[in-house]
Amino acid sequence: MSQENVELVKRLYDAWQKDGFGVVPALMDPDIEYVNPPYAVEPGTRRGYEGFAIAAQNIRNVYPTRRFEPLEFHDARDRVAVRVRVIARGVGSSVEVDVERGYVFEVRDGKIVRFAWFSEPLEALKAVGLAE
């Protein structure tokens, strides 16, 4: 089942590449959680398609030009940790940001039910028990 979860997350990245970062109902549970870490500008959890859409719009407001390049997928049963390269340019800036982040997707019954991001890829691996 877990390889299927990795494939599900890969399909999500394909959809984001095609249509932009946001809600993908075919792959996400209606009660999906979008989790910002405690050190985020807006820490906490948003819920449902509406909450995810608001979080995605907040990112677009700050970084209207951005792309996500998944570099590694790590299978952790019902969760998938991803090391991601994020390339973005902020509003009114000519400076491009090029960083790696860690994302964790939790999957249940063939749908993504939780998305959490971390500033460091190692944090994502720790969150799913693949690193100390």
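Read-outs throughout are calculated quantities, based only on the coordinates presented, and are distinct from any laboratory measurement. All of these numbers come straight from a predicted model, not from anything done at the bench. Glycine also receives a Cβ, built like all others from the backbone with ideal geometry; neighbour counts cover every protein chain displayed.
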Write down the Å³ per residue value for the convex hull defined by the alpha carbon atoms of the chain. 99
Taking all pairs of different Cα atoms in region 1-76, averaging 1/r and flipping that mean, what Kirkwood radius in angstroms comes out? 13.6
Compute the FRET efficiency between Gln3 and Ile54 as 1/(1 + (r/R0)^6), taking r as their Cβ-Cβ distance and R0 = 41 Å, and round to the nearest 0.05. 0.80
Note down the magnitude of the dipole of the chain about its Cα centre, charges +1 on Lys and Arg C-beta and -1 on Asp and Glu C-beta and zero elsewhere, to the nearest 20 debye. 280
So what's the back-of-envelope 222 nm ellipticity for the chain, counting only DSSP H runs of four-plus at -39500 (n - 2.57) apiece and dividing by all residues, rounded to 500? -9500 deg cm²/dmol
May I ask you to evaluate 6.51 cos²θ - 1.76 cosθ + 1.60, the Karplus curve with θ = phi - 60°, for each residue of region 115-127 and list the ³J(HN,Hα) values in order in whole Hz, giving x for glycine and proline? 10, 10, 10, 9, 5, 10, x, 4, 4, 5, 5, 5, 5
